[in-house]
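Colleague: Attaching a single structure in structure tokens format; questions to follow.
Please treat every number below as a calculation from the coordinates, not as lab data. The model shown is predicted, which means the values in this text are computed figures rather than measured ones. Positions of Cβ are generated from backbone atoms using ideal geometry, with glycine treated the same way; all protein chains shown enter the neighbour counts.
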């Protein structure tokens, strides 16, 4: 039987050098782009200054400050975010950020996985693995998220059912996967709310559209990972088992 000719090799996909460095977990794409513009990056021994210079990840040899660039070991940590901090590294308005809670730690570059707004508290994850973080934050692939929310009234069964059916907010139908009353006082109550997807300010928008005011909002779990007794403003690294479970 005549030998079939070999199929031509598929050329390696090329990405901008700054994007590749970021995907390896060494820094944000903005930071990597600055390294390139500063002349700190070489590709196959040649200096490049264009962050979009095309390279083949795993084929071309990258160097940063004269050292070979390799994928960083994945690091994931959880922080109990205090109220009043914004979830960003640098804030244009000069507000305090979540990174002040990590300031004294010898950690690699880390980015928040999702976010909590300034007035919200609780479980916030950080990682240096952008691909893993994107999968976790994706509403179609990520785990459920659980919140404890103090509201300014005593909810009845009809209100809780309305949250699960969905509320029209800013022309968008938003709903909770589950809403139940944890405990009630004389004038306010604590709800446990579970989200299967994370739309922007979803809980606040649903409650505001329902005429309900929020007194406190805490994220207490992501999937099976619970905030537990981690003190406010403190953090800890996740184990490989915890990362795999997420």
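Colleague: Using a cut-off of under 12 Å, list every residue of the range 143-169 whose amide N is near the label point 7 Å from the Cα of residue 220 along the Cα-to-beta-carbon line.
Modeller: 146-150
Colleague: Something else: So how do 234, 148, 90 line up by other beta-carbon neighbours within 10 Å, fewest first?
Modeller: Ordered by Cβ neighbours within 10 Å, fewest first: 90, 234, 148.
Colleague: Something else now. Working out 0.36 nm times the residue gap between residue 30 and residue 237, then minus their Cα-Cα distance, what length gain in nm do you get to one decimal?
Modeller: 72.0 nm
Colleague: Additional query: Percent of alpha carbon pairs in the range 30-113 separated by more than 18 Å?
Modeller: Summing the P(r) of the range 30-113 above 18 Å gives 57 percent of all pairs.
Colleague: Continuing with the same structure: Kindly put 42, 95, 186, 219 in sequence by how many other C-beta atoms sit within 10 Å of each C-beta, fewest to most.
Modeller: Lowest count first: 186, 95, 42, 219.
Colleague: Please give the length that would be gained between residue 74 and residue 205 if that part of the chain were fully extended, namely 0.36 nm times their separation in residues minus their C-alpha to C-alpha distance (nm, one decimal).
Modeller: Working it through step by step, the gained length comes to 43.7 nm.
Colleague: Given (1) 18.4; (2) 20.8; (3) 18.9 as candidate values of Kirkwood radius over Cα pairs in Å, which corresponds to the one derived from the coordinates?
Modeller: (2)
Colleague: With each label point set 7 Å from Cα along the Cα-Cβ vector, what nm distance links residue 91 and residue 105?
Modeller: So the two model labels end up 1.9 nm from each other.
Colleague: Starting from the Cα of residue 65, step 7 Å along the direction of its Cβ; do the same at residue 156; then give the gap between the two resulting points in nm.
Modeller: 6.4 nm
Colleague: If you don't mind, another one. Which FRET efficiency, nearest 0.05, do residue 134 and residue 181 yield, Cβ-Cβ r, R0 35 Å?
Modeller: Given R0 = 35 Å and the Cβ-Cβ separation, E is 0.55.
Colleague: Evaluate Rg over Rh across the range 145-222, taking Cα atoms for both radii and Kirkwood's formula for Rh.
Modeller: Taking Rg over the Kirkwood Rh, I get 0.92.
Colleague: Please compute the Cα-Cα pair-distance distribution of the range 14-68 with 5 Å bins starting at 0, giving whole percents from short to long.
Modeller: Percent of Cα pairs in each bin: 5, 25, 38, 28, 4.
Colleague: Just want the ordering: 141, 146, 30, 97, from fewest to most Cβ atoms lying within 10 Å of their own Cβ.
Modeller: With the fewest neighbours first, 141, 146, 30, 97 line up as 141, 30, 97, 146.
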